[in-house]
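**Q** Sharing a structure here in structure tokens format.
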Amino acid sequence: VFYMAVNVIKTDKAPGAVGPYSQGIKAGNILFASGQIALNPETGKLVGGGVTAEATQCMKNVGALLEAAGMTYDNVVKTTVYITNMSYFGAVNAVYGEYFKNNLPARSCVAVAELPKGASVEVEVTAYAE
């Protein structure tokens with residue numbers, strides 16, 4: 001019988017969960033990170049400054065979860081980006097490209113009606129490390 005190690009990933013460097021879920025779960029060598037909106041981890045409030053500032057905070061929050069799991073952006077194999085208006089695609093893509101430079105993960109980008117806390121952007125990742 002094969003048993004995979006499953007660990008809850010938790011860090012104060014990213015916002016705490018806003019519901020009954022974990023910031024991330026590392027199952028064996030795979031990290032499943034919960035979607036990150038632009039909450040400042042110190043205040044728990046959504047950052048101001050528009051969609052570019054939100055996308056930047058989302059990516060910083062993703063980075064904090066990766067770090068807590070012993071990984072980097074280079075370990076990310078799949079992302080899903082949620083935006084509340086497809087007109088945000090270019091601005092979000094520009095920020096996203098600042099964080100993913102070497103190993104470009106597979107990605108989906110979806111426009112949705114709403115996101116938690118009135119956010120405009122949410123980013124979730126799946127990462128793998130050998």
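**Q** Kindly report the accessible area of the chain per residue (heavy atoms of protein chains, probe 1.4 Å, no ligands, DNA or RNA), in Å². Intermediate results must be reported in sequence, preceding the final value.
**A** Numbers: 7000 Å² over 130 residues.
Normalised by residue count, the accessible surface of the chain is 54 Å².
**Q** Name the trypsin sites (Lys or Arg not before Pro) in segment 37-130 that are in a loop by DSSP and that have at most 14 other C-beta atoms within 10 Å, would you? Could the numbers behind the result be given before it?
**A** Values: sites: 45, 60, 78, 101, 107, 117; in loops: 45, 101.
In loop regions of segment 37-130 (DSSP not H, G, I, E or B), the sparsely surrounded trypsin sites (Lys or Arg not before Pro) are 45, 101.
**Q** At most 16 other Cβ atoms within 10 Å and a DSSP loop assignment: could you name the chymotrypsin sites (Phe, Trp or Tyr not before Pro) in segment 70-123 that fit? Working shown, then result.
**A** Values: sites: 73, 82, 88, 89, 96, 99, 100; in loops: 100.
Sites meeting the loop and neighbour criteria: 100.
**Q** Then there's this: Relative contact order of the chain, please, whole-number percent, based on alpha carbon pairs below 8 angstrom and at least 6 residues apart. Walk me through the numbers before you get to the answer.
**A** Numbers: 257 pairs, mean separation 39.1, N = 130.
It comes to 30 percent, rounded to a whole number.
**Q** So for the pair residue 32, residue 94, with labels modelled 7 Å out along Cα→Cβ, what separation do we get in nm?
**A** Between residue 32 and residue 94, the simple spin-label model gives 3.5 nm.
**Q** Next question. How far is it, in nm, from the label point at residue 117 to the one at residue 77 when both lie 7 Å from their Cα along the line to the Cβ?
**A** 2.9
**Q** Which parts of segment 66-91 would a label at residue 7 reach, counting a residue when its backbone N lies under 11 Å from a point 7 Å out along Cα-to-Cβ?
**A** Residues 68-71 fall inside that zone.
**Q** How about segment 1-109: which GluC sites (Glu not before Pro) there lie in a loop by DSSP and see at most 14 other Cβ atoms within 10 Å?
**A** Details: sites: 42, 54, 67, 98; in loops: 42.
Loop-located and lightly packed - 42.
**Q** Further question on the same structure: What is the extension gain from residue 18 to residue 108, computed as 0.36 nm multiplied by their sequence separation minus the C-alpha to C-alpha distance, in nm to one decimal? Spell out each step's value before the answer.
**A** Working: separation 90, 0.36 × 90 = 32.40 nm, distance 2.34 nm.
Taking residue 18 through residue 108 to full extension adds about 30.1 nm, to one decimal.
The values are calculated or read from the model by the stated rules, or taken from the named source; none is laboratory data. Keep in mind the model is a prediction, meaning the values are calculated, not measured. Virtual Cβ from ideal backbone geometry, glycine too; neighbours counted across all protein chains shown. Protein only, heavy atoms only, side chains kept; ligands, DNA and RNA dropped before computing areas. Shrake-Rupley method; radii C 1.70, N 1.55, O 1.52, S 1.80 Å.
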